[in-house]
Amino acid sequence: MTAVGIDAIEIRSGKLKLDLPGTFAPQKGDDPEKYTKGLGLTNSSFPDVYEDIVTMGANAAKRLMDRKGLEPDDIGRIDVATESAFDHSKPVSTYIAGCLEKVYDGDFVHANKGERKFACVAGTQAVDDAYNWIRAGRNRGRAALVIATDTALYARGDPGEATQGAGAVAMLIAEEPNLVELSTDQGYGSKDETDFLKPNQQFPSVDGKRSMQVYLSRMREALEDYESVAGKIELDDFAYAPFHTPFPGMVRKAALLAYRHVIRDTEYEDDLADEIGRQPREDEYEDREAYEEAIRDYMDELKTTDQYRTWYDDAVEPTLGLSREVGNWYTSSVHVARVSALRDALERDRDFVDETLLVASYGSGAQAEIHAETVREGWRSEIEALDIDDQLASRYDLSWEEYEDVHDIHEYDKDLEREIEEFTAPEGEFVFTGWGRMNERKYEYVE
């Protein structure tokens, strides 16, 4: 069976930066370690005045197409995943295609275009759609362009404000991919939840404690469902485990839960028995409450063991490198984590072909998906081609007052009484230029 997967990937960060320990924490009267150690974040990326989900997505897509030598006729499908859309009818993919048609000969008239929404898991769902489209033989030899793009803003003063971020990831889904081959095995955990939602509003309503519980519950269900089709997971099966990363602190909890599940009834659990005992079994307790308390106590001890710390440091911690510097990108989040893992492999000069990633995606509302990806022969050149380090290094460092202005300019429903000037000069990129006669957004390419 012909391999199908991610052939190439590009990342586009917002061009502005907010220093969380240096700028955000003092204004909030907080210890900087609340952000660096608690949340696990150092900086957040924000869009400049002329940037938005369309420009970031189109700029990532253009760099990908240029690098791969592609023209519009090579692309048969454009899917955009976002939870930051500004139109309830016209999909962001049409805007992005319109941007790209300004700089390429030919057009995307032949391409199927759509928009995926299921909170942060929509990026993975769009990849799944493209995979299935190719597997069904409906692509006519063309590749699919999947773009996950978001401006993840929270209301001012919201507990989630420190986790904000903005950026896009563009992925080319094709046969015989260079980067990773997607597995046919998937596991799901899905349930109607109200942990995080935006009912006709830009900023989310969040039940923070419940959101954490729902995230962990859906991940556990997805892991169990994955094992029902792929067989029991062994620790040595996967080199890295990229998780959906709203902030690294949440991943620490998900990783611990996954580790406890995977080592159950294995020699790894046996090896820990003398140190912290065996995992509690529900039939050993009189009621569910006592069992859950015992599980919490066990996990508190488990996370301090050398065995767990070694696994976490090798398989999970390396996936968080970029997220620490850019914040939460919603639909792009797990795809940023994948790139971080591959960058770590590159830095370590690992012989990485045929190694496997276990990718855990999540979207509030709520659904988790877990699947495997096998690293392909061309992974090294694809990761070496990324320019994300240069992007991050060149971000404009916002003062607190400038951050307040940026937040205001990107509030869709806010009428600004003054004009806010751009912080950086656009060059070789798509920019937002204003509104058209039907209140549509307008874009141009700046050389």
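If the condition is being acidic (Asp, Glu) and touching a helix residue (DSSP H, G or I) at 6+ places or on another chain (Cβ under 9 Å), then region 352-376 contributes Glu355, Glu369, Glu373. Between Ser381, Ser394, the distinction of being more than 30 Å from Asp351 (Cα to Cα) and within 23 Å of the chain's Cα centre (by Cα) belongs to Ser394 only.
Among the residues of region 21-59, the ones that are more than 23 Å from the chain's Cα centre (by Cα) and open to solvent by 60 Å² or more (accessible area, probe 1.4 Å) come to 6 in all.
On the given criteria, is Ile96 more than 22 Å from Met438 (Cα to Cα), outside any strand (DSSP E or B) and either among the β-branched types (Val, Ile, Thr) or at pLDDT below 95 (or both)? Break it down stepwise before answering.
Values: more than 22 Å from Met438 (Cα to Cα): no; outside any strand (DSSP E or B): yes; either among the β-branched types (Val, Ile, Thr) or at pLDDT below 95 (or both): yes.
Criteria not met by Ile96.
I need the full set of residues from region 232-262 which are over 16 Å from Met219 (Cβ atoms) and modelled with pLDDT under 95, in order please. Correct list: Lys232, Glu234, Leu235, Asp236, Asp237.
Of the residues Gly231, Gly277, which is within 16 Å of Leu357 (Cα to Cα), over 25 Å from the mean Cα position of the chain (by Cα) and open to solvent by less than 40 Å² (accessible area, probe 1.4 Å)?
Details: Gly277 fails: within 16 Å of Leu357 (Cα to Cα).
Gly231 is the lone residue from the list that is within 16 Å of Leu357 (Cα to Cα), over 25 Å from the mean Cα position of the chain (by Cα) and open to solvent by less than 40 Å² (accessible area, probe 1.4 Å).
Scanning region 292-314 for residues that are aromatic (Phe, Trp, Tyr) and open to solvent by less than 30 Å² (accessible area, probe 1.4 Å) returns Tyr298, Tyr308, Tyr312.
Give the residues of region 397-408 that are closer than 19 Å to Thr55 by Cβ and under 24 Å from the mean Cα position of the chain (by Cα), sorted by residue number. Walk me through it before giving the result.
Applying the first criterion (closer than 19 Å to Thr55 by Cβ) to region 397-408 yields 398, 405-408.
Correct list: Leu398, Val406, His407.
Residue by residue, here is whether (1) under 19 Å from Leu216 (Cα atoms); (2) at pLDDT below 95 holds:
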{"residue": "Glu284", "(1), (2)": "no, yes"}
{"residue": "Glu289", "(1), (2)": "yes, yes"}
{"residue": "Glu301", "(1), (2)": "yes, no"}
{"residue": "Asp306", "(1), (2)": "no, no"}
{"residue": "Thr319", "(1), (2)": "yes, no"}
{"residue": "Glu325", "(1), (2)": "no, no"}
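All of Lys90, Lys68, Lys62, Lys102 fail the test of being in contact (Cβ under 8 Å) with a residue 12 or more places away in the chain, open to solvent by 50 Å² or more (accessible area, probe 1.4 Å), over 19 Å from the mean Cα position of the chain (by Cα) and under 13 Å from Leu145 (Cβ atoms), apart from Lys68. Among the residues making up region 61-89, those that are touching a strand residue (DSSP E or B) at 6+ places or on another chain (Cβ under 9 Å) and over 19 Å from Gln125 (Cα atoms) are Lys62, Arg63, Leu64, Met65, Arg67, Lys68, Leu70, Asp74, Phe86, Asp87. Counting only helices (runs of 4 or more DSSP H) wholly contained in region 208-287, the ones carrying 1 or more residues that are among the basic types (Lys, Arg) occupy 208-230, 248-263. Looking across region 181-207, the residues that are under 20 Å from the mean Cα position of the chain (by Cα), closer than 30 Å to Trp379 by Cα and among the hydroxyl-bearing types (Ser, Thr, Tyr) come down to Ser183, Tyr188. Among the residues of region 117-124, is any open to solvent by 40 Å² or more (accessible area, probe 1.4 Å), without any contact (Cβ under 8 Å) to a residue 24 or more places away in the chain, on the phi < 0 side of the Ramachandran plot and not in a helix (DSSP H, G or I)? Within region 117-124, not a single residue is open to solvent by 40 Å² or more (accessible area, probe 1.4 Å), without any contact (Cβ under 8 Å) to a residue 24 or more places away in the chain, on the phi < 0 side of the Ramachandran plot and not in a helix (DSSP H, G or I).
Within region 234-270, the set of residues being more than 19 Å from the chain's Cα centre (by Cα) and open to solvent by 40 Å² or more (accessible area, probe 1.4 Å) comprises Glu234, Asp236, Asp237, His261, Arg264, Asp265, Glu267, Tyr268, Asp270.
From Arg218, Arg210, Arg264, grab the single residue that is free of Cβ contacts under 8 Å to residues at least 24 places away in the same chain and within 30 Å of Phe86 (Cα to Cα). Before the answer, list the steps.
On the way: Arg218 fails: free of Cβ contacts under 8 Å to residues at least 24 places away in the same chain; Arg264 fails: within 30 Å of Phe86 (Cα to Cα).
None of the other options fit; the residue is Arg210.
Which one is modelled with the lowest pLDDT among residues in region 205-228 that are closer than 24 Å to Ala162 by Cβ and open to solvent by less than 30 Å² (accessible area, probe 1.4 Å)?
Of region 205-228, the ones closer than 24 Å to Ala162 by Cβ are 205-216, 218-219.
Applying the additional criterion that residues be open to solvent by less than 30 Å² (accessible area, probe 1.4 Å) yields 211, 214-215, 218-219.
Values: Ser211: 92, Val214: 95, Tyr215: 95, Arg218: 96, Met219: 96.
In this case the residue turns out to be Ser211.
The values are calculated or read from the model by the stated rules, or taken from the named source; none is laboratory data. Everything numeric in this text was worked out from a predicted model, so none of it was measured. Here the Cβ is made from the backbone with ideal geometry for all residues, glycine too, and neighbour counts use every protein chain on show. For accessibility, only protein heavy atoms count, side chains too; no ligands or nucleic acids. Shrake-Rupley method; radii C 1.70, N 1.55, O 1.52, S 1.80 Å.
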